[in-house]
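Written out below as structure tokens is the structure these notes cover.
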Amino acid sequence: MSLLRRPLLVLILVVTSQFLQLWIAFGSVNEEGQRQEEFYEELLLKPLPDRKVLTHFHFQSSAPLTSNGRHHHLFPKAISQLVQKFRVKEMELSFTQGRWNYESWGGFDSIPSSNAKPPGVELWAVFDVPQYLIDSLWKNLTHTLSGLFCASINFLESSTAYSAPEWSFPPASGNLRYGTLPREAVCTENLTPWLKLLPCRDKAGISMLLDRPSIYRGFYHSQRLHLTSTESGSEGMDPGIVLEQTLTVVLQPNSQRASLARASEKHIQPSWSLSSIFGKQVSGKCVLAETSNVYLLLDRGLVAELKQLHKENGKSAEKVLTSENFWTNPCFELSAKPDRIFIEESSLLSKNSSVLYKFEVEKYSEFEPFDLGLTWKIPVVWLCQQAPLHASRFLMGSGNERGAIAISLKSTQSSEGFMGANSDHERCELRVDVFQVVPWYVKVYFHSLQVFVDQQPKAVSDIIEKIHVSPSKDKVSPGVMELVLKLPCSVSSAALTIEFDKGFLRIDEYPPDANQGFDIPSAIVSFPNYHASMVFLGNDSLNKSPLLSKFKCLLCILDHCLMHYEGVLLRRRDFLKTKPPRKLVGYFCCCQSCQRSLEVRVKVRIEMYADQVEGAGKRSVKERLNGNSFHNSIPRRQTTGKRQRQDEKWEHDLYHDDVPHVSYRTTDARDLRLKLQRKSLQQVSQSGRGALSGVRDLREKLSGTMNPWPVNADPPKLKSDLTKPTRRSVTVETSEPEPKKAATTEAKKKAQQKADASVEGFLQSLGLEKYAITFQVEEVDMTALVHMTDDDLKALGIPMGPRKKIILALE
Amino acid sequence: MAETREKSHKPKPRVRPIVRLGIFLVSHSFLVSVVCCTSGVLALFLLPVLAKNTYISENALMPGSASPMLSNQHVLDGNRLVKDLTNSNLKSSETGIESHKIIAQYMLDLGAEVSFHKFHPQMNQFHPLHFFSSPDSGKIQENYSCSSYGINTVGVIRAPRGDGKEAIVLVTPYNALKSGFGEALSLGIAYSVFSLLTQVTWLAKDIIWLVADSQFGEYAAVSAWLREYQTPKFSSLSTLNSEMCPDINNLFEIKVHSVAGSKFSNSFRRAGTMAAALVLKVRDQGEQFEDTISIYAEASNGQMPNLDLINVVNYLAVHRQGLRVNVEKLRSLLNSSWLKSLGEIFESLAKVAKTLNPKCKFGIPATEYVEGTATLASSLYYQALGVPTGPHGAFRDYQVDAITLEISPKFSLDKVWRNDILLRGGRLIEGVIRSVNNLLEKFHQSFFLYLLTSPSKFVSVGVYMIAFALLIAPLPMVAASLYVDANSSSNFLKGDSSTPSAVTDAAEHGITIRSWKWLNSAKLVFIVHLWGAIVSLLPYFICQIPDCSPTTSFVIWVLLSILSLLILNSVLASPLACVKASQEKEWALVKSVTISSVFIGLGLMSVINFATAEIGALVMVPMCLLAQPLKLDVRAGTLRSCCRIICNLVLGHIAFPPAAFFLLKGMLDGFGSANVGDFWMWVESLWAWNSATYLFIGMVQLPCWVLCVSILFHSC
């Protein structure tokens, strides 16, 4: 019997697997015409001149915007819901600890420019809604993000904490809001939710390297989340959401202290490997990723130095450059053979080109883990490429209540090369954008702006081409200053100073640790005319990598900006917070030595904004599946299960008490899924027929349950609300008192009859449906609306006329 | 309503208790003033007894909680630097550039950021309006010669994960031209700490190591660097000039074959707010019996760093490194027998008190009392002088807590000993830096206003204010009683035998006269104070005269002062002569107004610089209170008036500022070396340091003295 039974089992298995493959083939064919969700994972390693190693993790997942309704295969649901709910067009959130060292780690390529961030939390977002709604959306967004990332981002809700830059911020638009929390302590609490957004978490693929102790031991780490959503109809881009998650860590490889003593070995760079800096190795790729690559970048300075060394050794420089022998050269040794070597197209700006080694993680497995190591053989000294100007900011003056903020720009030696390329010395101008936010309690006298170029005072109008200032309002909003400077290219140093007074703080406005001081947010200094780009020679396979496409930004629409972030801390003494009164310290301090001190803390950051280029490569599901070895699927199944649960949790957070989604919420997502699972067999056959309608969830395919996507019945309501107001806004303005009265009596009845009637319907009856979104954003339902006063409505930003109408109708 | 008014009019108007108390005190002003003054002086002498033990107030400091990480390896590194520096001194002593290069190279090898700061020694000049103003960026002086440069070498370690908002400064003064072994050793200690700090992971604040070029004085170098740090000039010609000096530019051609090649630049390096600063010095010859570390804390105008900083140093030095901590004390007081006997009296009193109540234990041994008094006296003296006692004073001008630590070792030039002092000094500095590094907030928990009676004992402001308050309390009462006296006597003279209606008439008339009289004496006092202001401004013009020796300047100053007094006297009034014969009590009114002006002056000064006010009060209060025309006393001829005459004459001499100076100088240094020009030099140093004491002497004490003398020689 058993003998009989076994072949039968095998037969069944064979048949089902055939069937499965057939079905997968169907799926992949069907997906050809349609964009699908994609995930890329990459890691860039770069030796730094000061014995450190830069590691830059780059994960990118993208999803079409609405084709699948609310459900996604790979893309984190929380993020897509966030985009839909808050109409986020573009958003960036970064958590940073430590300072980016511009002098030794470079300031001119794309990694520092987009990943060097100010310490603490920085958040900016562009919204796709009319101006008057942005603030309320921003406030809700901050709360959502603070829940998502276990951080106090909700403190950015207060209008004193964020600002609205007009044009100096690179994705320039009026719909931008920008806020920073310089004091936020960044820890592993923030990393965990960030990792949960990845399809493989840190369980498989490159993200396995993310060993918390070694990351937080690093000299600098910045965890960033960049989100771009493209509406259909925008130029050339497919509608969809692109989520970029990057983690930049600067680590120092453990070097033996004993070797330091000997002078000969003193200058040799420390050798490192992935396992030595992270304590872990990569065992294969994340199966859900389209590509999974590790890159090793040698920057221009290093390559030039290596060539020089070769010449000294009597070998021809050309020979070095050929991709075959570069990885086995006398200067250093790589432990793994690179799959490909790219050499940067020598650009106009500099003669030297950087070299990039590519390693495909795909080829490695658990039994043969990937562990890239770099062993230096001879001492090499090089310099990283610097930004044209080195910026620093500090506070001047001390002791008394007055002072000045100074931003000083010093030319770096390397910039001469760039200047030379421009050659037109008479008209050559260097454009510098400065963006500075000051808290309201720092009263800046904008008229006292002084500019010094090469230690000579200059008229402000000569240097400043464009200036935008929005003065701070006490206890309401911070002051914002945006400047465009045009400096001559031959400038060696420049400085800006602005004087300020310290505002008066009431005792209850002091934080409990007032003696720690107050932070002035970072300034952003950018050089929009400088392109921080690398174009690599190579075939199309490079295009698949979203990380490398970042390097090609010379071709992009927007110029690259180098940004300097500087943070300054302002301090004052709190006299009122005293120790036991017998000490009398407070009173006499102020008398004797005017100890209300004002001190500076300076830090510098550079930021460069690269534009996004969609990863062009697409691989079908089938390809991906076939490319995977069997053992990878086991951990994956576990992780996907976890992630689904997580999604549901997020969903609850997001749609908590939200009226428009009540109907959706009543049928719990879990119930829906259970139902769907029960029906799975029928659904399979259905989907087999109507395969055109839905794309299969890769995870589900892999885990064996074959659930098709539920056809999403309710279209996104927010969207429809948004399109309406433009049409009906006229009627609001012209409506006369008589019909209004009639309408109000009607509405009154309605409101009394059924208190649970929707706000939307109520507003519709008044012809005010364009404000529905406002109420929706503030989560006002009918019961709440009844209790709302005139002031409440005013706070919502509803104009006088409609406000009166609503109040009349409610009465 | 009318009735109630009548009622309230009829019985004696009820005076509130506080007014009655005031009237009582004023009427017994003599007794009150005697009691208050003696108790004030007594309280001052009681301060060493009342001093409390210091304690670490800020919890975050946690001194000594971590075991020191400074190992022998770091000490060897430091020793290497000391050797190199002493060798290079032998080689090329004509320029100090070599040693600066060596220091910079050592810093670079550690991976620190290095920069040089060139500065011109800024002559301290008298700016009449610059008292109390925040330090400015100074004048641009054009014609500097290349030889008059100082070069500070600055190394900065960035905290690995810090946000760079705060920094701790370590200063080692170093004169490259003629450096003693002590200076090299201090550099060695700093270097060993610095090399440790480049490796540690616990650093939260940046570390700045400033090797201050002390060829123009330690203070000048540090203050020049601080000026550049805090209030840089963006438009300057001097830096352009400096580029032309070949010597200086040589310096920047340091070979960058170091690994951290990019870390050297000739731009000025900054590192955020300074949390604290330590100035480290090693004395060349140690004559102590054990390794001692002296703490200097007084900055300009008697400002002190937070007591916690001193506490941390004291705690670590005594309990961790076994060094003896020393605070400056007046040596001459140590051997004085009267102080010893006073201490014994206090000690026996304490014993008596203990027998009565075993719980009370305020007594201290007599020797301890003498030491405490000597320390307290020096603490008062240096605070009163208003001149910083070291380079740390420059930091205090920018509200940075700073102290100078001077290590004086017991042996000298012994190899083993040298390593030992490097290790212990280094561990002490490391411990202090680590404590300050722990701070989240700036120093604010402990006291800023205190007097030290020993490194571990202090008198807080709440205690020492009592002595001063007692001392000046009788002033307003005596002034009031004199005023009342003068008025009542004139009343008495006029309205003696008149009818009640005439009395009121005369009273009204008297009121007008009285107010006029009061104004007359007020005018006199005002003129004398105006003269005081002119006298204190005169040095500004005198120091413009080229080639003037201190003695001649002083003579010119005295002559001009007398001249201006005569001119003012003749132009504005002839106040010293009695205007009317009827006003016998003219001097009493003058005295009353003088006393009130002194009271105001002392009150103001106690807020600006307590110690000056305290010492000033000790001299001026008795003088003001005792001042009475000599004629009257001579006429009276009693024993009491004789005593008063003697007291007045003695005080009249002592209270004259130059006389007081020479007396003090003679007491401290011996009378042989006294010179007239010394006073001018002393005054010069006072205004150079923007000391408020100078203003006090010029505008409060000198006028007061003149007025008192005028009262003494009053012709009535």
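The values are calculated or read from the model by the stated rules, or taken from the named source; none is laboratory data. Bear in mind that the values here come from a model prediction, so they are computed numbers and not experimental data. Note that each Cβ is placed from the backbone with ideal geometry, even for glycine, and that neighbours are counted across all protein chains shown. Areas reflect the complete protein model, heavy atoms only, side chains present, ligands, DNA and RNA absent. Shrake-Rupley method; radii C 1.70, N 1.55, O 1.52, S 1.80 Å.
Within the range B:283-304, the set of residues being out of contact with any helix residue (DSSP H, G or I) (no Cβ under 7 Å at 6 or more places or on another chain), modelled with pLDDT of 90 or more and over 19 Å from residue B:185 (Cβ atoms) comprises just one member, B:304.
Of the residues making up the range A:360-382, those that are touching an Asp or Glu at 6+ places or on another chain (Cβ under 9 Å) and of a type outside the set (Phe, Trp, Tyr) number 10.
The numbered conditions (1) touching a His at 6+ places or on another chain (Cβ under 7 Å); (2) at pLDDT 85 or above are all true for residue A:445 except (1). Of the residues making up the range A:455-491, those that are outside any strand (DSSP E or B), closer than 21 Å to residue A:523 by Cβ and within 14 Å of chain B (Cβ to nearest Cβ) number 3.
Would a scan of the range B:62-72 turn up a residue that is among the aliphatic types (A, V, I, L, M), assigned to a helix (DSSP H, G or I) and open to solvent by less than 90 Å² (accessible area, probe 1.4 Å)? Taking every residue of the range B:62-72 in turn, none turns out to be among the aliphatic types (A, V, I, L, M), assigned to a helix (DSSP H, G or I) and open to solvent by less than 90 Å² (accessible area, probe 1.4 Å). Residue B:392 meets the conditions (1) open to solvent by less than 50 Å² (accessible area, probe 1.4 Å); (2) more than 30 Å from residue B:86 (Cβ to Cβ) in every case but one. The failed one is (2). The set of residues in the range B:333-375 that are more than 25 Å from residue B:611 (Cα to Cα) and aliphatic (A, V, I, L, M) comprises B:345, B:349, B:350, B:352, B:353, B:356. Within this structure, residue A:338 passes the test of being away from every other protein chain (no Cβ under 14 Å), part of a loop (DSSP other than H, G, I, E, B), at pLDDT 70 or above and open to solvent by less than 30 Å² (accessible area, probe 1.4 Å).
Need pairs with beta-carbon distance below 6 Å; first residue within 12 Å of chain A (Cβ to nearest Cβ) and within the range B:55-67, second assigned to a helix (DSSP H, G or I); sequence gap 6+ or separate chains. The qualifying pairs are B:57/B:308; B:58/B:308; B:60/B:438. Considering the range B:426-454, and only residues there that are assigned to a helix (DSSP H, G or I) and polar (S, T, N, Q), the residue that is most open to solvent (accessible area, probe 1.4 Å) turns out to be B:438.
Is there any pair with a first residue in the range B:299-322 that is within 14 Å of another protein chain (Cβ to nearest Cβ) and a second that is charged (D, E, K, R) and part of a helix (DSSP H, G or I) whose Cβ atoms are under 6 Å apart and which are 6 or more apart or on different chains, and what are they? So the pair list comes out as B:299/B:396; B:303/B:396.
From the residues in the range B:631-663 that are open to solvent by less than 60 Å² (accessible area, probe 1.4 Å) and outside any helix (DSSP H, G or I), which one is nearest to residue B:551 (Cα to Cα)? Ranking the candidates gives B:655 first.
Can you spot a residue in the range A:71-82 that is open to solvent by less than 10 Å² (accessible area, probe 1.4 Å), in contact with a Pro (Cβ under 9 Å, 6 or more places away or on another chain), modelled with pLDDT of 85 or more and within 30 Å of residue A:383 (Cα to Cα)? No, the range A:71-82 contains no residue that is open to solvent by less than 10 Å² (accessible area, probe 1.4 Å), in contact with a Pro (Cβ under 9 Å, 6 or more places away or on another chain), modelled with pLDDT of 85 or more and within 30 Å of residue A:383 (Cα to Cα). Being aromatic (Phe, Trp, Tyr), assigned to a helix (DSSP H, G or I) and within 21 Å of the chain's Cα centre (by Cα) is a property that residue B:705 lacks. Contact map, the range A:74-97: residues that are at positive phi and in a loop (DSSP other than H, G, I, E, B) paired with residues that are of a type outside the set (A, V, I, L, M) and open to solvent by 10 Å² or more (accessible area, probe 1.4 Å), Cβ distance under 7 Å, separation 6+ or inter-chain. Pairs shown: A:87/A:128. The residue that is farthest from residue B:98 (Cα to Cα), counting only those in the range B:189-224 that are within 14 Å of chain A (Cβ to nearest Cβ), of a type outside the set (Gly, Ala, Ser) and crowded, with 21+ Cβ neighbours inside 10 Å, is B:205. Residues of the range B:593-618 that are away from chain A (no Cβ under 14 Å) and either at pLDDT below 90 or farther than 21 Å from residue B:652 by Cβ (or both): B:600 alone.
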